[in-house]
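Please treat every number below as a calculation from the coordinates, not as lab data. It should be emphasised that the depicted structure is a prediction, and the values quoted were computed from it without experimental measurement. In this analysis, Cβ positions are derived from the backbone assuming ideal geometry, glycine residues included, and neighbour counts consider all displayed protein chains.
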2 protein chains.
Amino acid sequence: MDPKLKAYFESTLKEVSIDCVIFGFHEGELKVLLLKWKGTEGWSLPGGKIYLEESVNDAAVRILQERTGLKEIFLQQFYTFGGNDRYKNMDKAALFRKLEWAFGADFYDEKYMKRHVSLGYMALVEFEQVVATPDWYTDECMWCEISAIPELLFDHNEMVEVALKALRRQLSYQPIGYNLLPEKFTMPELQRLYETILGKQLDRRNFQKLMLSYDILEKLPEKRTGGAFKAPFLYRFDKEKYDRAMREEILFAI
Amino acid sequence: MDPKLKAYFESTLKEVSIDCVIFGFHEGELKVLLLKWKGTEGWSLPGGKIYLEESVNDAAVRILQERTGLKEIFLQQFYTFGGNDRYKNMDKAALFRKLEWAFGADFYDEKYMKRHVSLGYMALVEFEQVVATPDWYTDECMWCEISAIPELLFDHNEMVEVALKALRRQLSYQPIGYNLLPEKFTMPELQRLYETILGKQLDRRNFQKLMLSYDILEKLPEKRTGGAFKAPFLYRFDKEKYDRAMREEILFAI
């Protein structure tokens with residue numbers, strides 16, 4: 001086995017790993033970052049291992065930084081995947097044969113290829129600022145609309161679904177959008193973000209009323225011009241109020 | 001080392017474990033089940049290991065069943081604890097010396113005492129139906145009010161706090177109470193449950209209005225009698241509607 005790869009396996013946890021669902025919002029669609037495994041046609045979520053002395057949260061931040069180039073990422077654990085067969089219907093032998101083609105015949109070592117429990121983290125990132133970077137076992141990156149995600153390796157389709165469900169739940173107690181929208185945005189753009197996460201259309205007037213009731217938006221004197229319709233007002237988040245709403249959560253409002 | 005203990009360690013994951021925050025509601029107070037470690041004065045949450053071929057969710061169900069005797073438990077993962085020093089300020093050596101006193105001098109084996117990443121599960125149980133049962137490393141059980149929890153071993157105080165926060169969040173998208181209250185209950189009893197979870201008093205009229213708006217309660221023709229005050233109406237959950245609200249979640253209601 002390649003000495004660098006062996007050193008990486010030796011210095012990391014053997015039974016635990018991290019996988020990341022990185023959400024970006026682009027052209028009115030919620031997208032997820034995927035990586036293609038070397039020598040295969042298999043796509044997966046970005047992921048990695050945890051160094052023996054590293055906390056899992058630090059490892060998640062490091063892995064995301066390595067994959068996206070972003071330093072300040074809103075990142076959170078959403079679920080830990082510990083099925084006893086996370087390879088599901090995959091042909092595991094065939095996958096490892098392909099990886100051997102890319103990494104050498106001694107790539108597969110039972111000692112390092114144990115059953116892994118994977119901690120799922122999700123991040124919301126500014127699409128425009130991401131420099132997607134493959135890692136040692138992948139050679140291609142792709143942003144994929146959540147409605148068009150192909151069959152992924154392992155249990156990664158389930159991971160995307162669970163992350164999306166967690167994101168939906170979050171809308172009921174925390175604001176969203178700061179890391180997903182440009183600094184200035186219109187109310188229809190914010191609504192489109194919510195709609196793409198919830199997977200359903202929302203009533204325009206009720207949406208605006210609810211958003212304004214959170215008291216986290218600042219209405220700007222400018223308008224978005226250039227469109228075919230009446231120019232809509234621009235808003236931006238009041239960062240201080242937004243952060244307080246994130247911390248205190250909008251809980252059971254009675 | 002005791003052969004049974006060794007066999008248990010050999011047949012379970014080495015780097016991953018499970019800890020459970022078991023909530024019960026009793027005499028108007030939210031309580032948590034704690035266990036005292038043999039030969040020590042140290043209290044911890046109930047927990048256990050995962051068999052090599054067992055899914056983590058199955059392991060959590062098994063562990064909870066072993067500790068409470070309950071088969072149908074509402075159980076969910078709430079967070080995974082993976083700090084690189086989960087012993088915090090504890091005197092780890094002193095703890096293991098005490099355990100050696102109880103389990104024999106060869107109890108401590110580096111091979112089995114690696115850093116553990118622990119999956120936190122929480123359960124809401126009917127207090128009256130629980131038969132709390134210590135396991136191989138503990139010899140006493142205690143239900144403890146969440147406002148009076150002593151200093152626990154490892155990072156277990158943090159676990160209780162994070163579980164409570166997750167439970168609070170849950171109130172914003174799912175109903176609660178079916179596993180915590182007796183079959184028939186009054187509106188003030190339901191309100192007391194919410195108040196003890198949220199740690200704050202709620203307005204009686206707004207609470208009742210919100211609860212009835214969920215359309216999961218059935219008002220019974222009977223009243224609770226025997227109290228000093230005006231007899232309050234009794235309610236019970238409409239199980240079908242309750243289950244649907246659990247499944248569909250009360251999300252972002254616009």
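Based on DSSP, what percent of beta bridges with both residues in the range B:3-170 are antiparallel, to the nearest 5? Expressed as a percentage, antiparallel bridges in the range B:3-170 total about 75. For the range B:97-254, the alpha carbon convex hull comes to 181 Å³ per residue, rounded to a whole number.
Assuming 1.567 mPa s and 4 °C, estimate D for the range A:119-159 with Stokes-Einstein, Rh taken as the Kirkwood radius over Cα pairs, in µm²/s. So the translational diffusion coefficient is about 104 µm²/s. With a 10 Å cut-off around each Cβ of A:75-83, the average count of Cβ atoms from other chains is 5. Distance between the pseudo-spin-label points of B:E100 and B:N206 (7 Å out from Cα toward the beta carbon): 5.8 nm. Taken residue by residue and averaged, Cβ atoms of other chains lying within 10 Å of the Cβ of A:117-125 number 2.
In the calculated pair-distance distribution of the range B:1-69, the portion above 19 angstrom amounts to 46 percent of the Cα-Cα pairs. Taken over the range A:75-154, the alpha-carbon convex hull comes to 141 cubic angstrom per residue.
Peptides B:23-33, B:216-226, ordered by how many other C-beta atoms sit within 10 Å of their residues on average, highest first, read B:23-33, B:216-226.
Set against the 2.2 N^0.38 Å expectation for a compact globular protein, the range A:185-248 has a Cα radius of gyration ratio of 1.18. Label sites at B:R224 and A:D2, each approximated as a point 7 angstrom past Cα along Cα to Cβ, lie 6.6 nm apart. When DSSP beta bridges are restricted to pairs lying wholly in the protein assembly as shown, around 75% turn out antiparallel. The alpha-carbon positions of the protein assembly as shown define a convex hull whose volume is 176 Å³ per residue.
Can you tell me the mean projection area, over all orientations, of the convex hull of the range B:3-170's alpha carbons? Units nm², please. Spell out each step's value before the answer.
On the way: hull surface 38.5 nm².
One quarter of the hull surface, i.e. the mean projection, equals 9.6 nm².
Sort shortest first the distances from A:E151 to its counterpart in every other copy, using label points 7 Å along the Cα-to-beta-carbon line, and give them in nm. Distances to the matching label points in the other copies: 5.6 nm. The calculated 222 nm mean residue ellipticity attributable to helices in the protein assembly as shown amounts to -9500 deg cm²/dmol, summing -39500 (n - 2.57) over DSSP H runs of n ≥ 4 and dividing by all residues.
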